[in-house]
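Participant: Starting off with a structure, shown below.
The values are calculated or read from the model by the stated rules, or taken from the named source; none is laboratory data. This structure is a prediction, so every number in the text was calculated from the model and none was measured. FYI the Cβ positions are ideal-geometry reconstructions off the backbone, even for glycines, and counts take in every protein chain you see.
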Amino acid sequence: MKRFKQKFNKIALKLIFSVSITTAVTIGVYSYFNLEAQSDLLVSEFERHANQLSSTIIKSTRTSMLDYDTETTHNIINTVSEDQCIKDVRLFNKSGVIIYTSDSSLIGTMVDKDAEGCYSCHSTEQALSEAPIEKRSRIYQLNPDSSRIMGLMTPIYNEKSCWESDCHVHPESQKLLGVLDITMCLKEVEIAQQESTVKLIVFALVSILVLSIIIGFFVKRWIDTPVSNLMLATREISAGNLNYSVKDLGNDELGILGRAFNTMTKKMSDARMQLFQSDKMSSLGRLAAGVAHEINNPLTGVLTYSSFLLKRTKNNSEIQEDLKVIVRETKRSREIVKGLLDFARQSVPKKHNVKAREIIDRAASVVNNQLILKHIGLEKKFDPDLPMITVDADQIQQVFINLIVNASDAIEGDNGKIVITTSLTNLLPYGITQIKTAVCKNRHNLIDNEIKIESMPTVKLKAEAGNNSGYINLDPIYGKSRHKYNLKLNSGDDIKISCPRCDISFIKEREQCPKCNSSIFTFESPPNGMFEGCTNTNCDWQRWQAIDEGGQKTYVKIQIEDNGSGIQSEDLSRIFEPFFSTKGQKGTGLGLAVIWGIIDNHNGTITVESEVGQGTKFTILLPVT
Amino acid sequence: MYDILIIDDEAVINEAVIKIAETEGLKIDSCTNARDGLKKLEKDHYKITLCDIMMPEMNGFQLLNEVKSESINTHVIMITGFSTVENAVKSLHMGAIDFIPKPFTYDEIISSIYRGLEFCNLQERIRNSINGNDDDTIIYVPCPPKYLKLGNTSWMNLEYEGAAVIGVTDLFLRTIKSLSSVELFDVDEILIQGNTCSTLLTEDEIPHNIMAPIGGKIVERNEKLLENFSLLEKDPYFEGWLYRIIPADIEYDMKYLTPCSTDRV
């Protein structure tokens, strides 16, 4: 039962079920009315047939009646009654006395005027003399097993030939001479009705079945399969398998949902990795702090006692040497504990504005001797236009010292080289965002729909350099400088840029391009504030503050690359963990974990790429504020 | 009357300090929690009290507050773990005369103890001179009123363009024996408030660490001092300066500094 319920809870089955019900109801109602109409038609056809038969009997007995030839009349009626379909033919006079009938024993008996057939005309005291055919007919069943029977009464009216006939049975004053009552069985009609009922039911069943199969097929294909794929994916994801992805589900809404699902999973997976790392780091940090505090007290005991002994045994040089080792090593332990606490320190770094190169230079000067001793060349490739970064210079310096020392440790032989590169990266808006609106101060539209770059409308600006004037069509992508010029400009020219409609100047007074010191132009791109660019044709400097602020941040990217032994790929994911060390006894394993913590505290990221035998590259991104 | 009371919840530390003190011929008493310590302080006179900050029930700060509010005649030296340098600086602001980071060596603790005892003597002499029992020799030169100081150890003076000069107070120098050498950090090194910024070696071969009054980057150091360390003793507030630094977070560090104008009696 539960299984059935589960099965029924599937969308596909629900859809098929509801469509089947709708079809069944529609076909049922249609069939019902159709059958009703059909049987009405058949019955009225039968009535017509009986009526015709009645008039035929009346007409064929007319001659024998006029001749008062009862024998012939009897014969005719008997002959007609022999027909299988005709049950009985009766002829009775106005007073209800049966005069002719196929069953001769009944001749001369009275018809019961209250009986079913008479009722149509004799419902009132005064009998109707003329009734329509449907009033004259009746359908009844003698017993439940037999087929139904239809009776039809046909009145026989007086005519001139009747009262003028030689027998003088009917006087002229008599209006109605008698009634012919014919009863026929409806077996044929019933068979026909049954047949069409069966046909309709079969048709209804077949069409419901076919419809269900067709709908089922498409529902399975378009809904059931993709939905169960998605279901499977959600189950996998909820079970923790964030690497699972839904296979391509086509281009309809479910396909889009599937792709969105995959994107979401990917992001979740990334976020979980970050969170996992961050969580691991912070819990390890707490653990480290706890351990450090616990160790601190016994360490104090060891250090005080050993240094105390060192004082007391001044005359015993043999013991002195050994004690000095104890004191020295305990002091080293003290430094390790200090390192642990540095790693665990939750306090906010003390930040101020500094130049990245200054910190790197300082770090490099600290380790310079070590590098010279190992014959390692240190190459610095600094981007001269880097903005200041807001960091705790002390901590960041520690990061660089650690990374350079690590790099030099990884280098064996005499051809060692460490390269430090700094550059600026704009992660999102720059190079992607499109300038969609541009107006001058007089609200003139600067967007040019005729000249396009990569099928995007450009920004049309008027440019003047000396006597030379024309237009510049600015690349609409922020950060890409594929501008179109319809005038010749040299890079050194003093260029005036203005609105093509009202000539209002776009040049920003008292401000120069930070890259090449040329003058800069600016216009508004509502609602995203001012857009700025350099007038120098060889300079690609642009700034769009609102977009920069709103979207992704600008980062200073610092890469430290060595050509040392590299890191095994299985170690790469673990190198930022505390106590993970590949240096064996030499290191404490705290260095990279501390580095990770410091960079994380600065809202930056640190990543590593490495190839065994080729070298290692650390990339640090620090946000520019 | 005792010289020292040591309060630490770790018995091993108490024992070690007792041994060290007794080796130096000092009279010392100990207890393992601050409440017992307070009782002892009320009963007896201790020149200095060494007290751990992190203790169950009553911590070092609370003890310091009690000592101050009850006007107990003792000078408190805080013992602290590494992570609580900030707390230690705070304790100086609250009236402790010094602090020793754990774990410490014989020299580190004994130098602090001797400075503390000498500080007591100086205070005694000041009290006597006020009462007119002593001749009016200058006991120590107070630092100029516009300077700021960290505890009684070091001073700093804000200069033009945001730089600051830092140095050692005369009071600190008076608590140690004659200098035999001065160690200074290099230019460009970073100082952190409350951490060692220089070590003074005295003739009795005891190193005395100077705490940086504020954090920042060293831009200049007093090279003359390395040639002639007597400058420090002669003119600690002007010619005997240690470093010129660019402060890292002056507003934050200033919270724990006291104006030297409060030094005047």
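Participant: Could you please find all residues in the range B:1-18 being of a type in the set (D, E, K, R) and over 20 Å from residue B:115 (Cβ atoms)?
Facilitator: B:9, B:10, B:15 - these are the residues of the range B:1-18 that are of a type in the set (D, E, K, R) and over 20 Å from residue B:115 (Cβ atoms).
Participant: How many residues are buried (at least 19 other Cβ atoms within 10 Å of the Cβ) and within 8 Å of chain B (Cβ to nearest Cβ) when one looks only at the range A:310-326?
Facilitator: First, pick out the residues of the range A:310-326 that are buried (at least 19 other Cβ atoms within 10 Å of the Cβ): A:310, A:323.
With the extra rule that they be within 8 Å of chain B (Cβ to nearest Cβ), the set shrinks to A:310.
So the count comes out to 1.
Participant: Which residue is nearest to the chain's Cα centre (by Cα), if the candidates are limited to the range A:293-309 and must be more than 7 Å from chain B (Cβ to nearest Cβ) and of a type in the set (A, V, I, L, M)?
Facilitator: Only one residue tops the list, namely A:295.
Participant: How many residues does the range A:135-163 hold that are in a strand (DSSP E or B) and either under 60 Å from the mean Cα position of the chain (by Cα) or closer than 17 Å to residue A:57 by Cβ (or both)?
Facilitator: Here the count works out to 9.
Participant: In the range A:209-257, which residues are acidic (Asp, Glu) and either part of a helix (DSSP H, G or I) or modelled with pLDDT of 85 or more (or both)?
Facilitator: The first filter runs over the range A:209-257 and keeps only residues acidic (Asp, Glu), leaving A:224, A:236, A:248, A:252-253.
A:224, A:236, A:252, A:253, listed by residue number.
Participant: Looking at (1) within 14 Å of chain B (Cβ to nearest Cβ); (2) aliphatic (A, V, I, L, M); (3) under 50 Å from the mean Cα position of the chain (by Cα), which is the one condition that is false for residue A:367?
Facilitator: With (1) within 14 Å of chain B (Cβ to nearest Cβ); (2) aliphatic (A, V, I, L, M); (3) under 50 Å from the mean Cα position of the chain (by Cα) applied to residue A:367, the lone miss is (3).
Participant: Could you tell me which residue of the range A:306-341 is nearest to residue A:596 (Cα to Cα), considering only residues that are in contact (Cβ under 8 Å) with a residue 24 or more places away in the chain and of a type in the set (Ser, Thr, Tyr)?
Facilitator: For the range A:306-341, the residue satisfying everything is A:333.
Participant: Restricting the search to the range B:189-204, which residues are outside any loop (DSSP other than H, G, I, E, B) and either within 14 Å of chain A (Cβ to nearest Cβ) or farther than 23 Å from residue B:97 by Cα (or both)?
Facilitator: Those that are outside any loop (DSSP other than H, G, I, E, B) and either within 14 Å of chain A (Cβ to nearest Cβ) or farther than 23 Å from residue B:97 by Cα (or both): B:190, B:191, B:196, B:197.
Participant: Which numbered condition trips up residue B:242, out of (1) free of Cβ contacts under 8 Å to residues at least 60 places away in the same chain; (2) touching a strand residue (DSSP E or B) at 6+ places or on another chain (Cβ under 6 Å); (3) among the aliphatic types (A, V, I, L, M); (4) under 27 Å from residue B:105 (Cβ atoms)?
Facilitator: (1)
Participant: Same structure again: How about the range A:1-38: which of its residues are among the hydroxyl-bearing types (Ser, Thr, Tyr) and at pLDDT 85 or above?
Facilitator: A:18, A:22, A:26, A:30, A:32
Participant: Can you name the residue in the range A:598-622 that is hydrophobic (A, V, I, L, M, F, W, C) and part of a helix (DSSP H, G or I) and, of all such residues, is surrounded by the fewest Cβ atoms within 10 Å (Cβ to Cβ)?
Facilitator: A:599
Participant: Considering (1) touching a residue at least 24 places away in the same chain (Cβ under 8 Å); (2) of a type in the set (Gly, Ala, Ser); (3) touching a Phe, Trp or Tyr at 6+ places or on another chain (Cβ under 8 Å), say which one residue A:470 fails and leave the rest.
Facilitator: (1)
Participant: Consider residue B:96 against the criteria (1) touching a residue at least 60 places away in the same chain (Cβ under 8 Å); (2) more than 14 Å from chain A (Cβ to nearest Cβ); (3) surrounded by 22 or more Cβ atoms within 10 Å (Cβ to Cβ): it satisfies all of them except one. Which criterion is unmet?
Facilitator: Among (1) touching a residue at least 60 places away in the same chain (Cβ under 8 Å); (2) more than 14 Å from chain A (Cβ to nearest Cβ); (3) surrounded by 22 or more Cβ atoms within 10 Å (Cβ to Cβ), the lone unmet condition for residue B:96 is (1).
Participant: Just to verify a result, which residue in the range B:53-84, among those that are of a type in the set (D, E, K, R) and either within 14 Å of chain A (Cβ to nearest Cβ) or assigned to a helix (DSSP H, G or I) (or both), is surrounded by the fewest Cβ atoms within 10 Å (Cβ to Cβ)?
Facilitator: B:68
For every residue, the table says whether it meets (1) over 23 Å from residue B:193 (Cα atoms); (2) modelled with pLDDT of 90 or more.
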| site | (1), (2) |
| --- | --- |
| B:21 | yes, yes |
| B:26 | yes, yes |
| B:29 | yes, yes |
| B:50 | no, yes |
| B:57 | yes, no |
| B:60 | no, no |
| B:72 | yes, no |
| B:95 | no, no |
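Participant: Within the range B:217-233, is even one residue more than 19 Å from the chain's Cα centre (by Cα) and within 28 Å of residue B:95 (Cβ to Cβ)?
Facilitator: no
Participant: For the range B:205-251, which fully contained strands (runs of 3 or more DSSP E) count at least 3 residues that are within 16 Å of residue B:173 (Cα to Cα) and away from chain A (no Cβ under 14 Å)?
Facilitator: B:207-211
Participant: In addition: Let me confirm something: among A:208, A:215, A:223, which residue is surrounded by 12 or more Cβ atoms within 10 Å (Cβ to Cβ) and farther than 19 Å from residue A:10 by Cβ?
Facilitator: Only one candidate passes the filter, namely A:208.
Participant: Select from the range A:496-511 the residues that are surrounded by 14 or more Cβ atoms within 10 Å (Cβ to Cβ) and closer than 28 Å to residue A:426 by Cα and write down the one among them that is modelled with the lowest pLDDT.
Facilitator: A:508
Participant: Tell me which of these residue A:179 doesn't satisfy, since it passes every other one: (1) within 30 Å of residue A:139 (Cβ to Cβ); (2) in a helix (DSSP H, G or I); (3) touching a Ser or Thr at 6+ places or on another chain (Cβ under 9 Å).
Facilitator: Answer for residue A:179: the failing condition is (2).
Participant: Now for a separate question. Picking from A:372, A:376, which residue would you name as being of a type in the set (A, V, I, L, M, F, W, C) and at pLDDT 85 or above?
Facilitator: Matching residue, one of A:372, A:376: A:376.
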